[in-house]
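Read through the structure below, which is laid out as structure tokens, and then see the notes.
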Amino acid sequence: MTEHVDVLVVGAGISGIGAAYHLQDQRPGTSFLVLDALPSYGGTWWTHRYPGVRSDSDLFTLGYRFHPWSGDPIATGRQILQYLGAVIAEHDLERHIRYRHRIESAEWSSEASCWTITATNLGTDETVKLTAGFVWMCQGYYRHGEGYKPQWDGLEDFEGEVLHPQEWPDEAELAGKRVVVIGSGATAATLIPAIADDAAHVTMLQRSPTYFMARPNVNELANTLRALDIPPEWTHEIVRRQIFKTTAEMRAAASSDPEKVKKVVVDSMRSQLPEGFDVDRHFTPSYRVWQQRLAILPDGDLFRAIREGKVSVVTDTIERFTKDGITVGSGEHLEADVVITATGFDLAVMGDIDLVVDGKDIDPADLVTYRGIMFTELPNLAYVFGYFRASWTLRADIISDFVCRLLAELDLRGAKKVVPVLRPHDADMSLISWVDPANFNPGYMMRTMHRMPKQGDRDPWTWGLEYAEEKNVLAGVDLDDGTLAFS
Ligand SMILES: Cc1cc2nc3c(=O)[nH]c(=O)nc-3n(C[C@H](O)[C@H](O)[C@H](O)COP(=O)(O)OP(=O)(O)OC[C@H]3O[C@@H](n4cnc5c(N)ncnc54)[C@H](O)[C@@H]3O)c2cc1C
């Protein structure tokens, strides 16, 4: 007989483990299973093993609201995996998770009121089928198998090694080598200081600059509370509130006086860089400060490596690869034994799962989102996409509350199906992309946004980018406003 669960959770990363915890906590009696293609938990934090891999936001908020963080604000990939392992162990979630199962398709039948899930057991190559009343997509936003690799002229001529941070080989050896890291984002900024001591020299080759904030990796308030033996749950909550407050202040300042905030951030970077360093060219982005998450550099490690002469920065376009390096737009040739392509991700829409509803193939780009959590045409399905400017998990936690409430509502009504439906006056509203490019525009989103579902121009067909607002909005959602059809 085909195995059946009430809820099938896709993915055992931060979002999927959180979903499992909340289901167990808020929905005792609901059966659920978590499937993940990887051999272990952690998602992003299992996949990324490059030197120096760490969070760029603090773990009081990248951690769950229900499980206190007891370390320094910025954590290494290994510490994050340990934290997630502790959550799984403490709440006995392991028995609900099956690894090495890649979900290929999900087919909804209105007649049977359930999803049929087809997965491949990557250990045995067998096809596995099961049914689920509800699908909770916690698949993250990018393809874990391989990173994004732009095609550059002459790449095939390069005689050195090319590495991608997402596919970091255990045996990578950089000692004494000339390394060029292509990229300017958080990955490049964490990797570079970690390899700078070993390598002969590292060049950060970026097309455009990014904002960074150098900060000591301590939270004074957390340390004070810990020294006073305050219970860890209290410390966690108090520090989270402190972070929400400072984030709100920062956000307000960035929107009311963007130029001033930009100057403050750029000046603080300037103070960390050597005399005469071309800050305008290399560390003065054209976008507004709050448009992407502000990456924190613990103890300013990237700037220190630049000060020590171990790292140089080139802001230019790539003309072509040569046999021993890269020629950039200005004509300069950067010699390299190793090139690291910190060029980002390939976005995976809906975990690359084929979705079928009552025999009809669904193209995610045709869907309209309900609050960035559900979609028109997709019954009994919720989707987690976290914040980019604040920690991802803040949104995962509040989506979990919403999904558990929705499942309770289905029970209360004795309904088997819930699907968002456009009201007659929503039918011709204008549709915009999943995220507004004026608001948030990293390369991997821009490259693939056309494949993502759309937002409408009004509530509830939009979703919020700010936790402070969305947490209240979601908690107060009227499930009876005519935009969710229960049957
Ligand atoms: C290097 C790096 C650093 C980051 N730092 C931060 C940070 O400091 N703060 C922050 O807020 N965010 C950060 N992020 C974003 C980060 O991805 C999220 O914070 C968070 O880890 C996402 O968790 P997730 O569970 O939603 O997705 P993921 O971590 O991507 O996990 C999704 C899981 O779903 C599984 N899956 C997907 N599709 C399928 C399928 N079809 N079948 C079976 N399994 C499937 C995958 O195998 C994976 O294990 C960072 C990302 C990267 C890459």
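The values are calculated or read from the model by the stated rules, or taken from the named source; none is laboratory data. In this text the structure is predicted, and so the values were computed from the model without any measurement. Methodologically, a virtual Cβ is constructed for each residue, glycine included, from the backbone with ideal geometry; neighbour enumeration extends over all protein chains shown.
Checking the range 347-361 against the condition returns no match, with no residue being in contact with a Phe, Trp or Tyr (Cβ under 6 Å, 6 or more places away or on another chain), among the β-branched types (Val, Ile, Thr), modelled with pLDDT under 95 and within 16 Å of the ligand (Cβ to nearest atom).
Selection of the range 117-151 for residues being of a type outside the set (Gly, Ala, Ser), modelled with pLDDT of 95 or more, surrounded by 15 or more Cβ atoms within 10 Å (Cβ to Cβ) and more than 15 Å from the ligand (Cβ to nearest atom) yields THR131, PHE134.
Residues considered: ALA295, ALA189, ALA196. Of these, the only one that is aliphatic (A, V, I, L, M), within 16 Å of the ligand (Cβ to nearest atom), farther than 18 Å from ALA390 by Cβ and surrounded by 13 or more Cβ atoms within 10 Å (Cβ to Cβ) is ALA189.
If you check SER105 against the conditions, is it of a type outside the set (Phe, Trp, Tyr), away from the ligand (no atom under 13 Å from the Cβ) and either under 25 Å from GLU146 (Cβ atoms) or modelled with pLDDT of 95 or more (or both)?
No; evaluated as a whole, the condition is false for this residue.
Considering every residue within the range 411-423, establish whether at least one is closer than 17 Å to THR483 by Cβ, in contact (Cβ under 8 Å) with a residue 12 or more places away in the chain and either part of a helix (DSSP H, G or I) or of a type in the set (Ser, Thr, Tyr) (or both). Checked against the condition, which is being closer than 17 Å to THR483 by Cβ, in contact (Cβ under 8 Å) with a residue 12 or more places away in the chain and either part of a helix (DSSP H, G or I) or of a type in the set (Ser, Thr, Tyr) (or both), the range 411-423 yields at least one hit.
Within the range 80-102, restricting attention to residues that are within 20 Å of GLU237 (Cα to Cα) and more than 10 Å from the ligand (Cβ to nearest atom), the residue that is surrounded by the fewest Cβ atoms within 10 Å (Cβ to Cβ) is GLU90. Filtering the range 347-367 to residues that are assigned to a strand (DSSP E or B), among the hydrophobic types (A, V, I, L, M, F, W, C) and either in contact (Cβ under 8 Å) with a residue 60 or more places away in the chain or closer than 30 Å to LEU205 by Cα (or both) leaves LEU347, LEU355, VAL356, VAL357.
Is at least one residue of the range 311-330 among the aromatic types (Phe, Trp, Tyr), outside any loop (DSSP other than H, G, I, E, B) and within 30 Å of GLU249 (Cβ to Cβ)?
So in the range 311-330, the residues among the aromatic types (Phe, Trp, Tyr) come out as 321.
Now drop any that are not outside any loop (DSSP other than H, G, I, E, B), which leaves 321.
From what is left, the residues that are within 30 Å of GLU249 (Cβ to Cβ) are none.
No, the range 311-330 has no match at all.
Please tell me if ASP36 is surrounded by 22 or more Cβ atoms within 10 Å (Cβ to Cβ), charged (D, E, K, R) and within 10 Å of the ligand (Cβ to nearest atom). Explain how you work it out, then say what you get.
Values: surrounded by 22 or more Cβ atoms within 10 Å (Cβ to Cβ): yes; charged (D, E, K, R): yes; within 10 Å of the ligand (Cβ to nearest atom): yes.
Criteria met by ASP36.
Being in contact with a Gly (Cβ under 6 Å, 6 or more places away or on another chain), of a type outside the set (Ser, Thr, Tyr) and not assigned by TED's automatic domain parsing to the domain that holds ARG288, is that true of even one residue in the range 447-462? No: zero hits.
Residue-by-condition table, conditions (1) of a type in the set (Gly, Ala, Ser); (2) in contact with a helix residue (DSSP H, G or I) (Cβ under 6 Å, 6 or more places away or on another chain); (3) not assigned by TED's automatic domain parsing to the domain that holds LEU378:
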{"residue": "GLY133", "(1), (2), (3)": "yes, no, no"}
{"residue": "TRP136", "(1), (2), (3)": "no, yes, no"}
{"residue": "GLU159", "(1), (2), (3)": "no, no, yes"}
{"residue": "TRP168", "(1), (2), (3)": "no, no, yes"}
{"residue": "ALA188", "(1), (2), (3)": "yes, no, yes"}
{"residue": "THR203", "(1), (2), (3)": "no, no, yes"}
{"residue": "ARG207", "(1), (2), (3)": "no, no, yes"}
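Set side by side, the residues ASP229, ASP267 differ, and just one is at pLDDT 90 or above and at positive phi, which is ASP229. If the condition is being within 8 Å of the ligand (Cβ to nearest atom), over 12 Å from LEU81 (Cα atoms) and either of a type in the set (Val, Ile, Thr) or not in a loop (DSSP other than H, G, I, E, B) (or both), then the range 45-60 contributes no residue at all.
Every condition in (1) at negative phi; (2) assigned to a loop (DSSP other than H, G, I, E, B); (3) surrounded by 20 or more Cβ atoms within 10 Å (Cβ to Cβ) holds for GLY344 except the one numbered (1).
Please tell me if ALA248 is under 25 Å from the mean Cα position of the chain (by Cα), touching a residue at least 60 places away in the same chain (Cβ under 8 Å) and surrounded by 13 or more Cβ atoms within 10 Å (Cβ to Cβ). The answer is yes for ALA248. Taking the range 208-232 as the range and being over 25 Å from the mean Cα position of the chain (by Cα) and of a type outside the set (A, V, I, L, M, F, W, C) as the test, the residues that pass are GLU220, ASN223, THR224, ARG226, ASP229, PRO231, PRO232.
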